[in-house]
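Comments concern the structure below.
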Amino acid sequence: MRFLLPSKFRIAGLVMMVAGLAGVWLATSNGLINLYRIVDPAKALANGSYPYPADFWSVNQFVGFTSISLTIVGLLAFFFSREQDEFMYRVRLESLQFAAVAQVGVTICLSAYFFFKGDIPLENLMPAIITISVVGFWLLHIIRYSYIVYFKSEANEPI
């Protein structure tokens, strides 16, 4: 517990996560070309379309990588900051343990299913399994943590 960040990093982590996810959305949709339309509307063509600037793809790639990095740093700051009491430490530890065990099980099941299915190339399969496994870990951790903190703890309080 001595390697955790101070509790004020939770809000900063949440802001970084939201900003990073917004940037990922912007870089992976038509949002960036629409942003160019707002910044420099004089370059729009007569039919309303907007030509791609010469540096569009490098800027789009930079926004994407920066946003993913910001999201990861935000996740780390949010989940690895201190809690106010001992109950939260215990809930965090139990949630991490549950998510880790479930992640191993999901990864083994996905690997076995796709291996025996046989019609998907391995070079496409492994990144997908790893991505599902990592995202599943964080989702399971968040769901279990939230369930115990917000729903189960209220049910156990004396009336």
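Looking only at residues of the range 57-98 that are among the basic types (Lys, Arg) and at pLDDT 80 or above, we find that the one that is surrounded by the most Cβ atoms within 10 Å (Cβ to Cβ) is 92.
Of the residues making up the range 118-137, one or more are closer than 22 Å to residue 75 by Cβ, surrounded by 12 or more Cβ atoms within 10 Å (Cβ to Cβ), among the hydrophobic types (A, V, I, L, M, F, W, C) and at pLDDT 85 or above. Take the conditions (1) under 30 Å from residue 6 (Cβ atoms); (2) outside the structural domain of residue 14 (by TED's automatic domain parsing); residue 114 misses just one of them, which is (1). For the range 1-27, a tally of residues being within 20 Å of residue 90 (Cβ to Cβ) and either aliphatic (A, V, I, L, M) or touching a helix residue (DSSP H, G or I) at 6+ places or on another chain (Cβ under 6 Å) (or both) returns 4.
Filtering 56, 116 for residues that are touching a helix residue (DSSP H, G or I) at 6+ places or on another chain (Cβ under 8 Å) and on the phi < 0 side of the Ramachandran plot leaves a single hit, 56. Just one of (1) closer than 19 Å to residue 7 by Cα; (2) not assigned by TED's automatic domain parsing to the domain that holds residue 140 fails for residue 90. It is (2). Pairs are defined by a Cβ separation below 6 Å, a sequence spacing of at least 6 or placement on different chains, a first member in the range 79-93 that is within 20 Å of residue 17 (Cβ to Cβ), and a second member that is among the small types (Gly, Ala, Ser) and at pLDDT below 80; the pairs so defined are 81/7; 82/7. The C-beta contact set for the range 3-24 (first residue farther than 20 Å from residue 62 by Cβ, second residue of a type in the set (Lys, Arg), distance under 9 angstrom, 6+ apart or interchain) comprises 4/82; 5/82; 6/82; 7/82; 9/82; 10/82.
The values are calculated or read from the model by the stated rules, or taken from the named source; none is laboratory data. Just so you know, these numbers come straight off a predicted model, no measurement behind them. Positions of Cβ are generated from backbone atoms using ideal geometry, with glycine treated the same way; all protein chains shown enter the neighbour counts.
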